[in-house]
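Here's the structure, in C-alpha cells; my notes come after.
The values are calculated or read from the model by the stated rules, or taken from the named source; none is laboratory data. Note that the structure is predicted; figures quoted are calculated from it, not measured. Please note: Cβ atoms are built from the backbone with ideal geometry, for glycine as well, and neighbour counts cover all protein chains shown.
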Amino acid sequence: MQEELEVIMKIPIYQVDAFTSKLFCGNPAAVCPLKQWLDMELMQNIAAENNLSETAFFVSKGDHFELKWFTPKVEINLCGHATLASSHVIFNHLGHKGDTIEFQTLSGKLVASRERDLISLNFPAYHAAPTEMPDGLFESLKKEPQQVFKARDFLALFGDEDDILTMDPDFEKMKHVDSHGIIVTAPGKKCDFVSRFFAPGLGINEDPVTGSAHSMLIPFWAERLKKKSLHAIQLSQRRGELFCEHLGERVKMSGRAVTFFTGEILL
C-alpha cells in the first residue's frame with residue numbers, strides 16, 4: 001500500500017465569487033491567507049494549479065495587510081476582484097474588527113471598506129488618452145471600434161451594448177497585440193456603461209469581472225457622461241455588477257461577494 005506523502009505545510013484557501021451576490025456568477029478568485037510569505041515560485045505554482053484568473057495571497061502586518069496577485073502565468077500589479085475577494089475573507093472569515101482594511105501592494109496603498117452589504121475598493125485612477133489602433137487589434141476583435149484609447153490597457157469604444165455582447169474575439173491573434181489587456185466598452189441599456197476584458201497574453205482569454213479595468217473605465221465614462229456616480233455591468237458569460245464613483249485621481253468601485261468553498265492546500 002503506497003504511503004501518503006508527508007504534509008509539511010497546510011495553507012487555508014477560499015474561493016470567492018466577486019462582484020456578485022449569486023454563486024456561479026461574478027469573477028471567482030482564490031484567496032490564501034499566509035502567516036509569512038512563500039517563495040515566489042511556489043505562489044506561482046499554486047496559482048497555476050488553481051487555474052483561476054487570479055489567486056491572491058496576503059500576510060497580516062499589524063495594522064495592514066501585504067497583498068499579492070498571480071494569474072496562472074505571472075504576478076500582476078493590480079487586481080480588483082481578487083482584492084474584493086480578499087476583503088470578503090478578512091471581513092467574514094477571519095474576524096476582522098472594524099469596517100476598513102488597508103492593503104500594501106505593487107500599486108501602493110489600497111483601502112477596502114465595508115458599507116452595509118457592499119465592499120468598496122479605493123483604487124488609483126488611470127486616465128485614458130486617444131491613440132492609434134495597435135497592430136492586430138481590429139483583426140482580433142473582428143469589429144472596428146469608434147475610437148481607441150490607452151492607459152495601462154487599450155480601450156476600444158463601441159456605440160452599442162450589443163456590439164460588446166456579441167463580440168467573438170480571435171484570441172490567438174489577440175496574443176500578438178502589444179498590450180497588457182484589451183477593454184471593450186459601450187453605453188449600457190440598463191446601466192451607464194458595459195464592458196468586457198480580454199488578456200490572452202496573461203493566460204486569461206476573458207476575465208469575467210475586472211476591477212482594475214474599471215480604474216480606467218470609471219474616469220473615461222465619468223467624463224463622457226458628465227457624472228461622478230456610475231452603474232456598470234461587465235458582460236462576460238458570468239456577468240458582474242459594479243457601483244462606481246469617480247474621485248479625481250482615485251476611483252471607488254463597490255460590489256458584493258459570496259464564498260463558494262473553504263479548504264486547505266497540503267504542501
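Of the residues that sit in segment 102-145 and are of a type in the set (Phe, Trp, Tyr) and either closer than 18 Å to Asn77 by Cβ or in a strand (DSSP E or B) (or both), which one is modelled with the highest pLDDT? Taking the candidates together, the pick is Phe103. Annotation: of all residues in segment 42-59 being outside any helix (DSSP H, G or I) and hydrophobic (A, V, I, L, M, F, W, C), the one that is farthest from the chain's Cα centre (by Cα) is Val59. Filtered by the rule that a residue be surrounded by 14 or more Cβ atoms within 10 Å (Cβ to Cβ) and touching a Phe, Trp or Tyr at 6+ places or on another chain (Cβ under 9 Å), segment 103-117 gives Phe103, Gln104, Thr105, Ser107, Leu110, Val111, Ala112, Arg114. The set of residues in segment 199-223 being under 18 Å from Leu242 (Cα atoms) and not aliphatic (A, V, I, L, M) consists of Glu206, Asp207, Pro208, Thr210, Gly211, Ser212, His214, Ser215, Pro219, Phe220, Trp221, Glu223. When Gly62, Gly26 are checked against the criterion of being within 12 Å of the chain's Cα centre (by Cα) and on the phi > 0 side of the Ramachandran plot, Gly26 stands alone in meeting it.
Quick check on Gly181: is it buried (at least 18 other Cβ atoms within 10 Å of the Cβ), farther than 18 Å from Gly80 by Cα and at pLDDT below 95? Spelling it out, it is not the case that Gly181 is buried (at least 18 other Cβ atoms within 10 Å of the Cβ), farther than 18 Å from Gly80 by Cα and at pLDDT below 95.
Being in the same structural domain as Asp117 (by TED's automatic domain parsing) and more than 18 Å from Gly108 (Cβ to Cβ) is true of Ile46. Here His81, His88 are screened, and the one residue that is in contact with a helix residue (DSSP H, G or I) (Cβ under 9 Å, 6 or more places away or on another chain), buried (at least 22 other Cβ atoms within 10 Å of the Cβ), outside any strand (DSSP E or B) and not assigned by TED's automatic domain parsing to the domain that holds Glu206 is His81. The strands (runs of 3 or more DSSP E) located wholly in segment 192-249 that include 2 or more residues which are surrounded by fewer than 22 Cβ atoms within 10 Å (Cβ to Cβ) and either out of contact with any His (no Cβ under 9 Å at 6 or more places or on another chain) or free of Cβ contacts under 8 Å to residues at least 12 places away in the same chain (or both) occupy 204-207, 229-234, 240-246. On the basis of being in contact (Cβ under 8 Å) with a residue 12 or more places away in the chain, touching a Cys at 6+ places or on another chain (Cβ under 8 Å), under 24 Å from Ile265 (Cβ atoms) and of a type in the set (Gly, Ala, Ser), does Ala85 make the cut? Spelling it out, it is not the case that Ala85 is in contact (Cβ under 8 Å) with a residue 12 or more places away in the chain, touching a Cys at 6+ places or on another chain (Cβ under 8 Å), under 24 Å from Ile265 (Cβ atoms) and of a type in the set (Gly, Ala, Ser). Of the residues making up segment 250-267, just one is touching a Cys at 6+ places or on another chain (Cβ under 9 Å), crowded, with 17+ Cβ neighbours inside 10 Å and within 30 Å of Leu42 (Cβ to Cβ), namely Val258.
Would you confirm whether or not segment 165-173 contains a residue that is under 24 Å from Cys32 (Cβ atoms), in contact with a Pro (Cβ under 9 Å, 6 or more places away or on another chain) and among the hydrophobic types (A, V, I, L, M, F, W, C)? Among the residues of segment 165-173, not one is under 24 Å from Cys32 (Cβ atoms), in contact with a Pro (Cβ under 9 Å, 6 or more places away or on another chain) and among the hydrophobic types (A, V, I, L, M, F, W, C), which makes the answer no.
Yes/no per residue for (1) surrounded by fewer than 21 Cβ atoms within 10 Å (Cβ to Cβ); (2) touching a residue at least 24 places away in the same chain (Cβ under 8 Å):
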residue	(1), (2)
Pro33	yes, yes
Met40	yes, yes
Asn45	yes, no
Thr55	no, yes
Lys61	yes, yes
His64	yes, yes
Glu75	yes, yes
